[in-house]
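The values are calculated or read from the model by the stated rules, or taken from the named source; none is laboratory data. Since this is a predicted model, take the numbers as computed values, not measurements. Ideal geometry is used to build each Cβ from the backbone, glycine not excepted, and the neighbour counts take in all protein chains shown. When the accessible area is computed, the model is the full protein with side chains, heavy atoms only, and any ligands, DNA or RNA have been set aside. Shrake-Rupley method; radii C 1.70, N 1.55, O 1.52, S 1.80 Å.
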Amino acid sequence: MSTKINFIPFIKRLSRSKTAFFGLIFLCFMLLVAIFAGVIAPYAFSEQDLLNTLATPSMEHPFGTDEFGRDVLSRIIYGSRISLLVGFISVAIALVFGGFLGAVAGFFGGRTDHYIMRVMDVFLAIPQLLFAISVAATLGPGLGNLMLAVGVAAIPQYARVVRAGVLSIRSLDYIEASTASGGGKFYIIFKHILPNCAAPLIVQSTLGVAFAILVAAGLSFIGLGLEPPNPEWGAMLSTGREYIRDFPHLTIFPGLAIMLTILSLNFLGDGLRDVLDPKLRR
Amino acid sequence: MSLLEINNLNIDYLTEEADVHALRGITLSLEKGDSIGLVGETGAGKTTTALSILGLLPPQQSAVRGGEIKWRGDDLLKKSSKDLEAVRGKEIAMIFQDPMTSLNPLIKVDEQVAEMIRLHDKKLSKKDSLRLALQQLLSVGIQAERCNEYPHQFSGGMKQRVVIAMALACSPNLLIADEPTTALDVTIQSQVLELMKTLIKENGTTLIMITHDLGIVSELCETIAIMYAGEILELATKDQLFDNPMHPYTHGLLASIPDVTVEKERLATLPGLPPEPTEDIKGCSFTPRCSRCIDRCRNERPVLSEEEKNHSLACFNPYRKS
């Protein structure tokens, strides 16, 4: 896209909405935490202190320790790497493939549309989590497979959203005008149609990142995600479930991490939608 | 060789129930520098003619039932879509009716014009194309400091100026304007028409103007084609058509223009409605509404033929001066 977004005014406009700004700040913070996890974390994520298991929060362990005496704060910090990675990469996979299929279906219509969308409908009929489970079970555990499973399972949704957007944009005059000025089919799709249906996609993607983090957590819980001792927020949450009555800090802190990340993604998504729509610019 | 030659073009729109005959044998020929106005009521086939020249008819919902559209001798209907892309915009450009929706809302206007230029000159750098775009926008009267803005910051008249700038960016040989001023108010209309007039004269562009406003064609066009039910009924130079309308339909059309100097209770109208577009018409399509209809009109279809110099007609019983 040749339309460059000037970064400074972009941030300015975004910061008009307090919630969006909070989302952006918190996500940047999480990104920094993920990148510098090795520097920030007080302990290694697999370092066990067997004399000090299930300790409540203290100066030494701000978020307490788990059943093996591992520092919860350090595990959350390292876990942010995995969650963010899985969230963004799997959405990127879904966006690229789903977006392409949806755009082709919507633009060419007719039989092409029919075949692509019926296949998508079949996949949509399978619950996304189940679909992810079956893909992950076929591929086996591991970070790459986890991302692939979550991403592939989300492709039909993105195809739907993109197709709906393309259908509504395709019939507008400036698309016809562009055809009349000699634009090729793919030029028109990428230059004129896709940027104009970006708004619903952005919202879908931010929600998608959030959902992907949840799906990844679910897969880890049943042993299809990352293998222990790798820290994963969802897996931490599900092991902490056993101790929820006596040691709630094992679920509260990973839960908070998931909640705040997802919340800020949603805030940011809404804020981005408002900013990226030039009609709302003042 | 004519620049554009349309021979007996028949186009149907396909619907579930029946085929809609949008064009029933249009024949038209344009030389370089001509300016022709297609005039007719809604559904007369004006826009269909324009879209078919550029190959923009919806592929699954329309069918060419015969005829040819020759551009410098090549039949455009037989060209591949790749070849058509090279003709569109570069040789034949089109201005659409509604400037509000003819521009991509996400791209700044100068970039949109530059895009158009780069589409047909791939070697041009982005910077050079932007410079050309700026020139182009200045020539349609947009101030330099506003060229870097988005379409929604422009008024309707300014947007139409941008659309005109885009259409003329590659100096096309033929410009098709599909009711370019209907969406604008009257004062802006005359400004835009004035602008088009100057630019067309400067560049020697051939023009096809589509409108239902006889006032607009009389300002911009030398030749006028009166269309009705997918046919051309009368084709004449502007002066001949206004001074000596020969077809009963043209007569009715001119009579229905209100004259501000005459006090009248009601405006003159033509009785009846245009024929159903799905109908197969044996004789002249205007028969049911025609006051001069004779027996021959019902059974035989009149063909557009030259009645006087530069004045063609499809009628068996036309009005004649004398």
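Residues in segment B:55-92 that are at the interface with another protein chain (Cβ under 8 Å from one of its Cβ atoms) and closer than 18 Å to B:Leu23 by Cα were compared, and the one that is modelled with the highest pLDDT is B:Leu56.
Within segment B:103-120, not a single residue is in contact (Cβ under 8 Å) with a residue 60 or more places away in the chain, within 15 Å of A:Ala180 (Cα to Cα) and more than 7 Å from every other protein chain (Cβ to nearest Cβ). For segment A:263-278, the condition of being part of a helix (DSSP H, G or I), open to solvent by less than 30 Å² (accessible area, probe 1.4 Å) and closer than 30 Å to A:Ser58 by Cβ holds for at least one residue. Every listed requirement among (1) over 17 Å from B:Lys46 (Cβ atoms); (2) open to solvent by 60 Å² or more (accessible area, probe 1.4 Å) is met by B:Asn317 save one, (2). Does at least one position in segment B:171-193 carry a residue that is within 14 Å of chain A (Cβ to nearest Cβ), part of a helix (DSSP H, G or I), over 13 Å from B:Ser35 (Cα atoms) and not basic (Lys, Arg)? Checking segment B:171-193: not a single residue is within 14 Å of chain A (Cβ to nearest Cβ), part of a helix (DSSP H, G or I), over 13 Å from B:Ser35 (Cα atoms) and not basic (Lys, Arg). The set of residues in segment B:275-308 being part of a strand (DSSP E or B), out of contact with any helix residue (DSSP H, G or I) (no Cβ under 9 Å at 6 or more places or on another chain) and surrounded by fewer than 16 Cβ atoms within 10 Å (Cβ to Cβ) consists of B:Ser305, B:Glu306. Counting only helices (runs of 4 or more DSSP H) wholly contained in segment A:140-250, the ones carrying 2 or more residues that are away from every other protein chain (no Cβ under 13 Å) occupy A:143-170, A:198-221, A:233-240. Considering segment A:1-86, the qualifying helices (runs of 4 or more DSSP H), each wholly inside and each with 2 or more residues that are modelled with pLDDT of 85 or more, run over A:18-35. Report, by residue number, each residue of segment B:121-149 that is open to solvent by 20 Å² or more (accessible area, probe 1.4 Å) and closer than 30 Å to B:Thr48 by Cβ. The one that is open to solvent by 20 Å² or more (accessible area, probe 1.4 Å) and closer than 30 Å to B:Thr48 by Cβ: B:Gln136. Only a single criterion out of (1) open to solvent by less than 40 Å² (accessible area, probe 1.4 Å); (2) modelled with pLDDT of 90 or more; (3) farther than 23 Å from B:Leu56 by Cα is not satisfied by B:Leu174, namely (3).
Residues in segment B:309-322 that are at pLDDT below 85 and either part of a strand (DSSP E or B) or within 20 Å of B:Cys290 (Cα to Cα) (or both): B:Arg320, B:Lys321.
If you go through segment A:87-129 and pick out every residue that is open to solvent by 40 Å² or more (accessible area, probe 1.4 Å), of a type in the set (Val, Ile, Thr) and in a helix (DSSP H, G or I), you end up with 5.
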